[in-house]
Structure formats: structure tokens, C-alpha cells
Amino acid sequence: MEKIRMMLVDDEERFLSTTQKLLARKGYDVVTAASGAEALEKIRIQNIHVVILDVKMPGMDGIETLKNMKSAYPLIEVVMLTAHATVESAIEGMRFGAFDYLMKPCDMDQLIGKVNEAARKKQGHEEKIREAHVKEIISKRGF
């Protein structure tokens, strides 16, 4: 599996910089965004495997960001991050296609575990799509 590229989306600058450094030290390629709008702009121009998305942000919140991401990039996997008061929002996020959710503050090993699971799921979907394309090409050529 190629190196996992993830995007951290959170309006807390300290969380972004600290988490990015910790994940980079563990070998992950990490892009950050301080808002939903910035995340949607960056995801358009970069190949992101997994998004770690805060639920509660000013402007476009995590749920709205998730809906936009999944609409434009249905294969992208998103892990929602939530504080205790917004568990309902994270569960709502699951209805809109989030892979899973974690409580803030989250344990780094738990976060990494979720990212790896989500990346494997995305890779599995992509492999099935490639296999379907190959079968389609073969059947059209009459092999």
C-alpha cells in the first residue's frame, strides 16, 4: 500500500500543527485545513486518502463539509472528530457516509488505527472498481 495521505480539518490551529507533526513522525503524509471551505479546495487538487474532520467549526461545519466531500468524492473516507457534546452530530455524520468517529481529545494510536482501517477500505473499493473496468474491457473485446 502506498504512503497514506490524510487531511486534518479543524479550526484549532494548535491541534492541527501538533497532530500533523506527530503523524508525520509516524510516516504519514499530512495536509491540513483550518475550515471546511479550505478542505474542499485542497481536496480538489490533492490526492487525499482519508480525512480527519472536526464536527464543530465556524462557518461550514463538519457535517456540511462531509456532505460536500462525499458528493464530489464518494470514495474518500472521513473520520469525524467530536467533543462529547456533539456525539449526535458525529452519528449524523455516519448517516452521511463518514467511516467512523472519535471523541476529542483522541488517543493517537486510536486515530492511526482508524486512519489505517479507512485507507484499507478505500483501497478495497478502488481495487473492485479497477477489476470491474478490466472485466468490462475484456467482455467488450470478446476474450
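The values are calculated or read from the model by the stated rules, or taken from the named source; none is laboratory data. Note that the coordinates shown come from a computational prediction; the quantities given were computed from them, not determined experimentally. Counting neighbours? That spans all protein chains shown, and the Cβs are built from the backbone with ideal geometry, glycine included.
Criterion first (surrounded by fewer than 16 Cβ atoms within 10 Å (Cβ to Cβ), among the aliphatic types (A, V, I, L, M), touching a residue at least 40 places away in the same chain (Cβ under 8 Å) and assigned to a helix (DSSP H, G or I)) does residue 22 satisfy it?
Criteria met by residue 22.
Annotation note: of 100, 54, 109, the sole residue that is acidic (Asp, Glu), under 16 Å from residue 119 (Cβ atoms), in contact with a helix residue (DSSP H, G or I) (Cβ under 6 Å, 6 or more places away or on another chain) and at pLDDT below 95 is 100. Among the residues of the stretch 67-100, the ones that are surrounded by fewer than 20 Cβ atoms within 10 Å (Cβ to Cβ), small (Gly, Ala, Ser) and under 15 Å from residue 53 (Cβ atoms) come to 5 in all. Name the single residue, out of those in the stretch 106-122 being touching a residue at least 24 places away in the same chain (Cβ under 8 Å) and farther than 16 Å from residue 70 by Cα, that is surrounded by the most Cβ atoms within 10 Å (Cβ to Cβ). Filtering the stretch 106-122 for residues that are touching a residue at least 24 places away in the same chain (Cβ under 8 Å) and farther than 16 Å from residue 70 by Cα, the one surrounded by the most Cβ atoms within 10 Å (Cβ to Cβ) comes out as 115. Residues of the stretch 52-61 that are within 18 Å of residue 14 (Cα to Cα) and either in contact (Cβ under 8 Å) with a residue 60 or more places away in the chain or surrounded by 14 or more Cβ atoms within 10 Å (Cβ to Cβ) (or both): 52, 53, 54, 55, 56, 57. Surrounded by 12 or more Cβ atoms within 10 Å (Cβ to Cβ) and either of a type in the set (Asp, Glu) or over 18 Å from residue 19 (Cβ atoms) (or both), is that true of residue 103? When the stated conditions are applied, residue 103 does not pass them.
Does residue 40 satisfy the criteria of being aliphatic (A, V, I, L, M), surrounded by 15 or more Cβ atoms within 10 Å (Cβ to Cβ) and in contact (Cβ under 8 Å) with a residue 40 or more places away in the chain? No: the conditions fail for residue 40. Screening the candidates 70, 121, 42, 114 for the property of being in a helix (DSSP H, G or I), more than 20 Å from residue 3 (Cα to Cα), basic (Lys, Arg) and under 14 Å from the mean Cα position of the chain (by Cα) yields one hit, 70. Take the conditions (1) out of contact with any Gly (no Cβ under 9 Å at 6 or more places or on another chain); (2) assigned to a helix (DSSP H, G or I); residue 105 misses just one of them, which is (2). State whether the residues of the stretch 65-88 include one that is polar (S, T, N, Q), without any contact (Cβ under 8 Å) to a residue 40 or more places away in the chain and over 30 Å from residue 130 (Cβ atoms). Yes, the stretch 65-88 contains at least one residue that is polar (S, T, N, Q), without any contact (Cβ under 8 Å) to a residue 40 or more places away in the chain and over 30 Å from residue 130 (Cβ atoms).
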